[in-house]
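A quick write-up on the structure given underneath.
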Amino acid sequence: MKRAGAGLAAVGLLLALCGPAVAVQPDEMLADPALEARARDLSAELRCMVCQNQSIDDSDAELARDLRVLVRERIEAGDSDAEVLDYVVSRYGEFVLLKPRFSPRNAVLWATPALFLLGGGILAFLAFRRRGGKATAGLSAEEEAALRKVLERNE
Amino acid sequence: MSVELGHFALVLALALALVQSAAPLMGARIGSLPLMRVGEPVAITGFALVAAAFAALVLAYVQSDFSVLNVWENSHSAKPLLFKITGAWGNHEGSMLLWVLILALFGALVAAFGRNLPPTLKANVLAVQGLIASAFLLFILFTSNPFNRLQPAPIEGRDLNPILQDIGLAIHPPLLYLGYVGFSISFSFAVAALIEGRIDAAWARWVRPWTLAAWAFLTGGIAMGSYWAYYELGWGGFWFWDPVENASFLPWLSGTALLHSAIVMEKRSALKIWTVLLAILTFSLSLLGTFLVRSGVLTSVHTFASDPTRGVFILAILVFFIGGALALFAVRAAALAPGGLFHPISREGALVLNNLLLTTAAATVLVGTLYPLLIEALTGEKISVGAPFFNLTFVPLFLPLLVAVPFGPLLAWKRGDLLAAAQRLQIAFAAAALSGIVSYFLMDRASAFAALGLALGLWLIFGALTDLCLKIGIGKVPPSVALGRLAGLPLSMFGTALAHAGLGLTALGVVAVTTLEAESILTMRPGQVAEIGGYSLTFENLRPFTGPNYTEDRAVFAVTGEGGASLGEIVSSKRFYAARGMPTTEAGIRTFGLSQLYVSIGDETASGLVVRIWWKPLVTLIWLGALVMMVGGAVSLFDRRLRVGVPARRKLAVAAAGEGA
């Protein structure tokens with residue numbers, strides 16, 4: 001449903017830029033399967049910057065191809081995964097990361113799930129306690145008397 | 001001529017919608033029954049007028065009337081008839097008209113079938129519906145009129161985007177909109193209840209069928225869109241966490257929460273305020289989705305700023321309805337008396353947990369979708385929030401929900417016994433765990449994660465079965481009695497079990513395809529063989545073919561299974577649509593059991609044709625599961641208990657149950 005969802009209008013633009021054909025080309029791939037697997041995983045985290053929300057692993061754009069080759073060059077040069085990402089970010093900015101970094105600017109983004117869960121949990125807990133307290137409050141003297149009367153009548 | 005009639009019908013529909021939003025509201029306020037009654041015929045006539053306008057647009061498409069701007073922009077005389085028809089809503093203006101058509105349809109349905117509704121509630125509901133219709137009809141007429149003419153008329157159209165020339169366009173948007181817009185009814189009921197300041201269990205009983213119907217349609221719409229993207233876009237993904245997808249997923253998440261909290265409200269008269277708020281939020285998220293998709297704000301805040309007419313208009317609608325409803329909620333919610341009490345460990349408590357996790361998941365997706373826009377608007381910097389973020393945050397929120405699902409239906413109302421529920425789920429748990437362990441040792445490629453995921457999916461399915469078995473007393477009573485009870489079980493219980501099992505099927509499919517998928521990217525020359533997932537694909541040839549409005553190169557692959565048995569062929573092609581100068585890939589897909597082989601082709605290079613082949617185990621379960629969920633919703637919908645005004649059968653059923661006890 002990606003671009004074909006309700007966003008029919010967005011479809012044309014996206015595909016005109018990025019094309020729907022096969023993205024990763026056989027001639028780009030590294031001979032070592034372990035290194036290639038790392039390259040694929042890293043590619044899935046990097047954005048094709050001329051596309052709409054598409055990773056360089058999915059995109060057929062020229063720029064995506066250049067980035068894929070760059071990632072593989074860095075891996076072959078012995079960079080760790082983090083070093084590869086740092087290198088790409090230093091050249092293209094954080095926009096290229098599909099998973100934003102933990103930073104003060106992105107604090108709200110990353111904290112949302114925990115805050116919501118915690119806040120919702122506390123609200124639910126308080127509601128239970130408040131209502132629960134009411135429920136377990138003993139009967140008043142008048143109610144006790146009324147109850148006794150009813151019970152006696154039944155006997 | 002018919003185009004002008006359609007245009008005129010739309011203007012008339014606006015006039016009627018304005019009457020619909022004013023007269024019944026006034027009538028309910030001053031207690032005038034005749035004035036309240038105005039809403040019904042007006043809603044039905046309004047629907048007829050919008051339907052006439054829609055028919056006029058479709059007719060213009062079928063006749064390839066290029067003097068209509070919208071038709072010229074999105075159609076072509078050589079297009080097959082089906083795509084001429086579906087092209088009518090394959091663009092901004094047409095899809096907004098479809099949106100309003102469905103809105104009017106729901107309003108008319110309430111007017112026609114809501115006979116048992118209290119007159120004031122019905123009047124207020126229709127008034128709110130009328131108000132929403134007025135806003136969107138104004139939007140269409142002022143900023144997105146599909147009936148604008150073009151002078152002089154061009155001889156040929158610019159064709160529809162080739163990606164959209166697919167049966168998916170015939171099914172996906174109507175289903176999706178039936179879901180999106182269906183939630184407007186829950187919204188209208190919530191606002192009507194707030195206007196009256198009165199809400200009770202009967203309210204939940206009226207709202208639930210509408211919510212259920214909208215939810216079932218939305219489930220189907222999202223699944224259909226997912227499958228469409230899967231086969232059409234040619235890279236075999238089923239979910240991309242694209243903002244457009246998220247826009248449709250958000251109302252689904254909160255709609256699912258609403259469905260469950262409405263049950264608590266109907267049965268136990270609790271969670272009233274929360275249910276009303278969820279009803280408002282769910283439709284607000286539908287509106288937000290419409291805004292995100294229709295305003296162009298997703299591409300960039302700057303795109304939005306450079307042509308803001310449509311965006312600002314929808315934003316104003318958004319602010320008016322969401323802001324208005326929430327303000328009303330803030331003022332009136334306290335007046336809604338709290339209902340039944342319950343212990344945290346109870347059916348109600350389980351449903352509260354369901355709501356907590358679903359709304360947190362929705363909030364996560366919402367913030368993730370909007371965060372880049374927010375950062376860009378505030379600081380001018382651009383960041384991306386994509387699939388890796390959502391996988392990391394959404395999945396951990398959803399997993400505990402999946403684990404908890406089988407417990408819900410087994411807990412008693414008011415005060416449940418978690419230990420007893422766990423004991424009754426022992427068999428389901430053992431069966432799921434055993435399957436996980438066996439699969440771990442059987443499949444040489446299996447990771448612990450895959451085995452856990454498979455066990456989780458099966459846990460949901462077995463849990464749903466356990467619920468049904470316990471309800472009919474299998475093992476405790478003779479089979480004939482159990483069978484009799486099965487036949488007498490309320491349909492909504494089957495609905496619940498089906499929906500939960502469907503969720504399990506979808507989970508199974510997602511886990512299987514993400515953990516066990518095999519992929520091969522290679523260049524092939526005719527005669528070469530590729531091996532994947534136990535199948536052999538022999539590339540036979542690449543031959544040209546001419547379709548009605550495209551040309552294509554078709555690559556033919558012969559498929560053989562284990563032992564060399566021929567299994568037919570797979571045809572994958574690259575198409576070129578001349579009118580738009582656009583290429584598309586048509587993936588070659590063959591289904592074997594529940595799994596699929598998926599082939600897409602790239603360019604021809606010096607060393608052969610670039611081919612990408614996937615073996616996608618159990619992938620069809622993703623969509624079959626959604627279909628089962630949808631069927632579950634539909635089955636529930638036919639439960640007589642959900643229909644108001646059928647007391648006779650109900651009393652009999654209660655009496656029968658009394659005898660049995």
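The values are calculated or read from the model by the stated rules, or taken from the named source; none is laboratory data. It should be emphasised that the depicted structure is a prediction, and the values quoted were computed from it without experimental measurement. Don't worry about glycine lacking a Cβ; one is built from the backbone with ideal geometry, like all the others, and counts go over all protein chains shown. Heavy atoms of the whole protein, side chains included, go into the accessibility calculation; ligands, DNA and RNA do not. Shrake-Rupley method; radii C 1.70, N 1.55, O 1.52, S 1.80 Å.
Key figures for this structure:
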read-out: Some residue of segment A:26-45 being over 26 Å from B:LEU370 (Cβ atoms) and at the interface with chain B (Cβ under 7 Å from one of its Cβ atoms); value: yes
read-out: Options B:ILE155, B:ILE167; residue that is open to solvent by 40 Å² or more (accessible area, probe 1.4 Å), touching a residue at least 24 places away in the same chain (Cβ under 8 Å) and within 14 Å of another protein chain (Cβ to nearest Cβ); value: B:ILE167
read-out: Pick from segment B:540-555, criterion in contact with a Phe, Trp or Tyr (Cβ under 8 Å, 6 or more places away or on another chain) and assigned to a strand (DSSP E or B), ranking: farthest from A:ALA37 (Cα to Cα); value: B:THR551
read-out: Output for segment B:461-488, where each listed residue is of a type in the set (Ser, Thr, Tyr) and crowded, with 19+ Cβ neighbours inside 10 Å; value: B:THR466
read-out: Within segment B:380-412, considering residues that are in contact with a Pro (Cβ under 9 Å, 6 or more places away or on another chain) and open to solvent by 20 Å² or more (accessible area, probe 1.4 Å), the one modelled with the highest pLDDT; value: B:PRO396
read-out: Residue that is touching a Phe, Trp or Tyr at 6+ places or on another chain (Cβ under 7 Å) and modelled with pLDDT of 90 or more, where the choices are A:ARG68, A:ARG74, A:ARG91; value: A:ARG74
read-out: Matching option when the condition is surrounded by 24 or more Cβ atoms within 10 Å (Cβ to Cβ), touching a strand residue (DSSP E or B) at 6+ places or on another chain (Cβ under 8 Å) and among the small types (Gly, Ala, Ser), among B:GLY221, B:GLY182, B:GLY225, B:GLY234; value: B:GLY234
read-out: Qualifying positions in segment B:55-91 - hydroxyl-bearing (Ser, Thr, Tyr), outside any helix (DSSP H, G or I) and open to solvent by less than 10 Å² (accessible area, probe 1.4 Å); value: B:SER75
read-out: Subset of segment B:574-596 (residues that are part of a loop (DSSP other than H, G, I, E, B), more than 26 Å from B:VAL510 (Cα to Cα) and more than 10 Å from chain A (Cβ to nearest Cβ)); value: B:ALA578, B:ALA579
read-out: B:GLY107 within 14 Å of chain A (Cβ to nearest Cβ) and in a helix (DSSP H, G or I); value: no
read-out: B:LEU537 vs. criteria more than 14 Å from chain A (Cβ to nearest Cβ), of a type in the set (A, V, I, L, M) and in a strand (DSSP E or B); value: yes
read-out: Residue in segment B:603-614 that is under 19 Å from A:ASP58 (Cβ atoms), away from chain A (no Cβ under 14 Å) and of a type in the set (Lys, Arg) present; value: no
read-out: Condition met for B:LEU522 (open to solvent by less than 20 Å² (accessible area, probe 1.4 Å) and aliphatic (A, V, I, L, M)); value: no
read-out: Scope segment B:559-573; condition without any contact (Cβ under 8 Å) to a residue 24 or more places away in the chain, open to solvent by 40 Å² or more (accessible area, probe 1.4 Å) and either of a type in the set (Asp, Glu) or part of a strand (DSSP E or B) (or both); matching residues; value: B:SER566, B:VAL571
read-out: Elements of type helices (runs of 4 or more DSSP H) in segment A:44-155, at least 3 residues being open to solvent by less than 40 Å² (accessible area, probe 1.4 Å) and not assigned by TED's automatic domain parsing to the domain that holds A:ASP32; value: A:107-136
read-out: Residue match in segment B:115-122 (condition: touching a Ser or Thr at 6+ places or on another chain (Cβ under 8 Å) and in a helix (DSSP H, G or I)); value: no
read-out: Selection from segment B:378-405 of residues that are of a type in the set (Phe, Trp, Tyr), more than 8 Å from chain A (Cβ to nearest Cβ) and within 11 Å of A:LYS99 (Cα to Cα); value: B:PHE390
read-out: Pairs where the first residue, in segment B:285-298, is on the phi > 0 side of the Ramachandran plot and the second is of a type in the set (D, E, K, R), C-beta under 8 Å, 6+ apart; value: B:GLY296/B:ASP307; B:GLY296/B:ARG310
read-out: Test: B:LEU491 is open to solvent by less than 40 Å² (accessible area, probe 1.4 Å) and either away from chain A (no Cβ under 14 Å) or closer than 23 Å to B:ILE427 by Cα (or both); value: no
read-out: Flag for B:SER636 being within 19 Å of A:PRO26 (Cα to Cα) and either open to solvent by less than 10 Å² (accessible area, probe 1.4 Å) or not in a strand (DSSP E or B) (or both); value: no
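Residue-wise test of (1) surrounded by fewer than 24 Cβ atoms within 10 Å (Cβ to Cβ); (2) part of a helix (DSSP H, G or I); (3) more than 28 Å from the chain's Cα centre (by Cα).
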{"site": "B:ALA17", "(1), (2), (3)": "no, yes, no"}
{"site": "B:ALA23", "(1), (2), (3)": "yes, yes, yes"}
{"site": "B:MET36", "(1), (2), (3)": "no, yes, yes"}
{"site": "B:LEU49", "(1), (2), (3)": "yes, yes, no"}
{"site": "B:ALA53", "(1), (2), (3)": "no, yes, no"}
{"site": "B:GLU93", "(1), (2), (3)": "yes, yes, no"}
{"site": "B:LEU101", "(1), (2), (3)": "yes, yes, no"}
